[in-house]
Amino acid sequence: MNTNVTILSLSLGAFLSLLCSCATQPNGIVTAPLRPELPAEQIICDKAGEPLVVNLRLADGQDVPFMVDTGTSITTLDRSFERCLGPCLGTKRLNKPLSGVGSETVSVYPAPKLYLGNVPLITGPTILAGNITRATNHAYNAILGMDCLGHYCIQMDFAAGKMRFLDPGSLEREGLGRAYSIAEVEGAPVVNMSLPDDKSLRLMMDTGFYQFADGTLPPGLIRPAFQNRTAFGTPVFLTFTQDTANQIFLFPTMVIGGQTYKDLRFLELLVKGSRVQGFIGLRFMARHVVTFDFPKREVYLRLINEGQPETEVERIDPAEASQHGPAEANPT
């Protein structure tokens, strides 16, 4: 039987390098009672499949588009900006077994001043310079990591297309939605979310994972759902290396955290040697108003749309689901 199988080469960059205990700074989420100056709200893209990008300014006046990435711990600039940085403090080797590049040597520099509008942002003491890997030709040349984001209370309002920096001390929490306590893995936020069959998984909330799927789930959850016909295989596979391909599955309805969602797409991925069991990506977050209160280690999710966001992933008719089962997870 002929089936249409799409193989997509995907490099998730910081999201995947985090799995390998790469070079990180001790604390991505800040618990000290800092009260930094807050930037004005920013306009963000609310289209599914697009990264969350803000324009920051360097001290020399140069504007640089940064992807906002809660899944990486250290802010990273493309190597093309090395001439604007101070003296190199050394190099580090990052292992990226799922990114398609194996590993990468990055350079360490003193953190430059970064401004959002006219407001200086708090950052860590150092930044990295490397090859910014982009899954498609999106216009960003740097990654804003948790060494900066962890100092702030940030609301991502995908209904209004706005990102706001809020004062956690005066935050009106009533009406923000369901609250989750944030734990920290390599500086990135991790929450426990309830899933079907009384299961709970430790999921990293990663805004840098923005394409093709709402997140990732392990085979131990996806395979039974497929067998019970509560999940259906799509013909889309994401490749991280030349000899592996991971399949995306469609869940027509799924209860997460007590809330029913429609048309969720999860990549089947077993995260080995990590303290997380899966990832929640930007496509899932974009169904909500998301409020990250990093100083107080809480995140709030308020659902704004139960409909299906725009998607690049083809929906599979349940009658054809058997054509795209897990047995085809490594097509040749």
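The values are calculated or read from the model by the stated rules, or taken from the named source; none is laboratory data. What you see is a predicted model, and the numbers here were worked out from it, not measured in a lab. As a convention, Cβ positions derive from the backbone with ideal geometry for all residues, glycine included, and neighbour counts pool all protein chains shown.
For segment 240-254, name all the residues that are surrounded by fewer than 18 Cβ atoms within 10 Å (Cβ to Cβ) and modelled with pLDDT under 95. Within segment 240-254, Thr241, Gln242, Asp243, Thr244 qualify.
Results for (1) within 16 Å of the chain's Cα centre (by Cα); (2) under 30 Å from Cys153 (Cβ atoms); (3) in a helix (DSSP H, G or I), shown as yes or no for each residue.
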| site | (1), (2), (3) |
| --- | --- |
| Met204 | yes, yes, no |
| Ala213 | yes, yes, no |
| Phe226 | no, no, yes |
| Ala245 | no, no, no |
| Val255 | no, yes, no |
| Lys262 | no, yes, no |
| Gly273 | no, no, no |
| Thr291 | yes, yes, no |
| Lys296 | no, yes, no |
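The set of residues in segment 28-41 that are surrounded by 14 or more Cβ atoms within 10 Å (Cβ to Cβ) and modelled with pLDDT of 80 or more comprises Pro36, Leu38, Pro39, Glu41.
Restricting Gly150, Gly187 to residues that are at pLDDT 95 or above, of a type outside the set (Asp, Glu) and buried (at least 20 other Cβ atoms within 10 Å of the Cβ) narrows the list to Gly150.
Just the residues that are within 23 Å of Cys148 (Cα to Cα) and assigned to a strand (DSSP E or B), please, taken from segment 178-201.
Ala179, Tyr180, Ser181, Ala183, Glu184, Val185, Ala188, Pro189, Val190, Val191
For residues that are outside any loop (DSSP other than H, G, I, E, B) and touching a Gly at 6+ places or on another chain (Cβ under 9 Å), scanning just segment 42-54, find the one that is surrounded by the most Cβ atoms within 10 Å (Cβ to Cβ). Per the stated criteria, the residue is Gln42.
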